[in-house]
Amino acid sequence: MRFLYEAPLILLLLSISTIFIGWLFKTILVGKYKPDAKPLWNTFIWRNEFINSISENLVYPFFENMLLGTPFAPVYFRIMGCKIGKKVFMETTEITEFDLVTIGNESALNFGCTIQTHLFEDRVMKMSTVNIGKACTVGSLSVVLYDTKMHDNSQLQGLSLIMKGESLPENTKWAGFPVSASKIESQ
């Protein structure tokens, strides 16, 4: 009977320990992500995939998924190196190369959106930053590619794509796949 009282505490401690495991492997294998380009056959690619696998198969199922949509969701991403402001709503775990992501105060990353800080182009992994300003919204299942900036109070509607190098001006709404020529309106 005693086990029944201890089981929730043990499960909680095991779940929290997954954060430490993810952080430890990132620190040892990569350190801090920086904008860069690496050939496909570089060991960095394997190390990066290993860190992503730990996050996706250990941390997210046992810890992070329970916190999505709560004020505690950004905790793991901050520990891993993301710069995330206050009162950020997160309903996604789709963030790679954590140190390259900046999210301003009171922004919302809705269900399943992807903050993609790398692409493979001609067998080269190119990584760079994604900057999401204050009070921005990234719609459900949207994708934000690297080298992009969403200025304060810009909105990306669901199922949309911001191509690399794009910038969404302040106080605007965008939609489309890609959004480059599909501005909805100014607010």
Practice prompt. Could you please put TRP41, TRP174, TRP46 in sequence from largest to smallest accessible area, using a 1.4 Å probe?
Written response: TRP41, TRP46, TRP174
Worksheet item: So which lysines can LYS164 reach, going by Cα to Cα under 19 Å and dropping same-chain residues fewer than 8 places off?
Response: LYS34, LYS38, LYS126, LYS149, LYS173, LYS183
Item to complete: Would you please state the base-10 log of I(q)/I(0) at q = 0.10, 0.13 1/Å for the chain, with intensities from the Debye formula using one equal scatterer on every alpha carbon?
Response: -0.42, -0.68
Practice prompt. Within the set of other residues whose C-beta is less than 14 Å from the C-beta of ASN65, count the net charge using Lys and Arg as +1 and Asp and Glu as -1.
Written response: -4
Discussion item. For the full complex of protein chains and a 1.4 angstrom probe, list LYS164, LYS34 by accessible area with the highest value first.
Written reply: LYS34, LYS164
Fill in: Heavy atoms of PHE50: accessible area, 1.4 Å probe, square angstrom to 10
90
Worksheet item: Roughly how many Å² of HIS151 are accessible to a 1.4 Å probe, to the nearest 10?
Response: 60
Practice prompt. Compute the long axis of helix 43-54 from its Cα atoms, compare it with the longest principal axis of the Cα atoms of the chain, and write down the angle in degrees, 0 to 90, nearest 10.
Written response: 70
Practice prompt. Note the angle between two axes, namely the Cα long axis of helix 2-29 and the longest principal axis of the Cα atoms of the chain, as a number of degrees from 0 to 90, rounded to the nearest 10.
Written response: 50
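The values are calculated or read from the model by the stated rules, or taken from the named source; none is laboratory data. Nothing here was measured: the structure is a model prediction, and the numbers come from that model. Cβ coordinates were reconstructed from backbone atoms using ideal geometry, including for glycine residues, and neighbour counts include every protein chain displayed. All accessible areas refer to the heavy atoms of the entire protein, side chains included, with ligands and DNA or RNA removed. Shrake-Rupley method; radii C 1.70, N 1.55, O 1.52, S 1.80 Å.
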